[in-house]
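The structure appears below as structure tokens.
The values are calculated or read from the model by the stated rules, or taken from the named source; none is laboratory data. Because the structure is a prediction, the values reported are computed rather than measured. Backbone-built Cβ (ideal geometry, glycine too); neighbour counts: all protein chains shown.
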Number of protein chains: 2
Amino acid sequence: MKPLHHPRAEDLSIYAVLHALAEPARMTIVRRLVEADGKPCGTFGINLSKSTLSAHFKVLREAGIIRQEVAAGNSRVNTLRREELDARFPGLLDSIVHAVEQSEPALPPV
Amino acid sequence: MKPLHHPRAEDLSIYAVLHALAEPARMTIVRRLVEADGKPCGTFGINLSKSTLSAHFKVLREAGIIRQEVAAGNSRVNTLRREELDARFPGLLDSIVHAVEQSEPALPPV
């Protein structure tokens, strides 16, 4: 199976990153990965169809926020590209996640 | 003339703020206001039609990022709602503007 495309850290666009994070389901995915990194797509506790969820993962991957690797049984394991993001845009991810956590309730356990 | 609608600081949505900033012309407007606050719409040095530019100002206003006040001759003067934004989402605006400044050339003088 062809590996999925991931942009290089130096090619990340601040606009693509902001756009990707400007959506509640995608933000929930990121918050879940901040809690516990390396999660298969089906384990995020988000009540959306598989295809909608896949589209959200793809937006995050193409913005360079997450890495998706194909694991056993063709499932995809998602990790946050935190070091690369922090190196490219210092403090950005933390301040956004912090702003969300201040204005929304904590995520329920999954 | 009816004053323009501005959301209350406590009603600002992090998603609306991120969406508003995820667009280069709107980000340029914000960067210009960081440089020199209180500017009429026609003074931002952005090469877009008046109607397109108006739409961008509206997105920023409705997200709570800028305040628009009607001045002499029906022009609109724009100010950044920095204190309210910083109180609601500490560090957010600075980290986003900083990320943009690191990845893009400085704005030319207007």
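Filter the range B:76-92 for residues that are out of contact with any Leu (no Cβ under 6 Å at 6 or more places or on another chain) and of a type in the set (D, E, K, R); which is nearest to the other protein chains (Cβ to nearest Cβ)?
B:D86
For the subset of the range A:66-75 comprising residues that are touching a residue at least 40 places away in the same chain (Cβ under 8 Å) and surrounded by 16 or more Cβ atoms within 10 Å (Cβ to Cβ), which member is farthest from the other protein chains (Cβ to nearest Cβ)?
For the range A:66-75, the residue satisfying everything is A:Q68.
Could you tell me whether B:I96 is within 13 Å of another protein chain (Cβ to nearest Cβ), among the β-branched types (V, I, T) and farther than 23 Å from B:G42 by Cβ?
Yes: the conditions hold for B:I96.
Check the range A:23-31 and report whether any residue there is within 24 Å of B:L93 (Cβ to Cβ) and outside any helix (DSSP H, G or I).
yes
Applying the selection to the range A:9-65, what residues are within 14 Å of chain B (Cβ to nearest Cβ), surrounded by fewer than 18 Cβ atoms within 10 Å (Cβ to Cβ) and basic (K, R)?
Listed by number, the list holds a single entry, A:R31.
Going through the range B:1-29 one residue at a time, which ones are closer than 14 Å to B:E62 by Cα and among the aliphatic types (A, V, I, L, M)?
Hits for the range B:1-29 are B:L4, B:A9, B:L12, B:I14, B:A16, B:V17, B:L18, B:A20, B:L21.
Report the residue count in the range B:32-43 for those that are part of a loop (DSSP other than H, G, I, E, B) and either at pLDDT 95 or above or over 15 Å from B:P108 (Cβ atoms) (or both).
2
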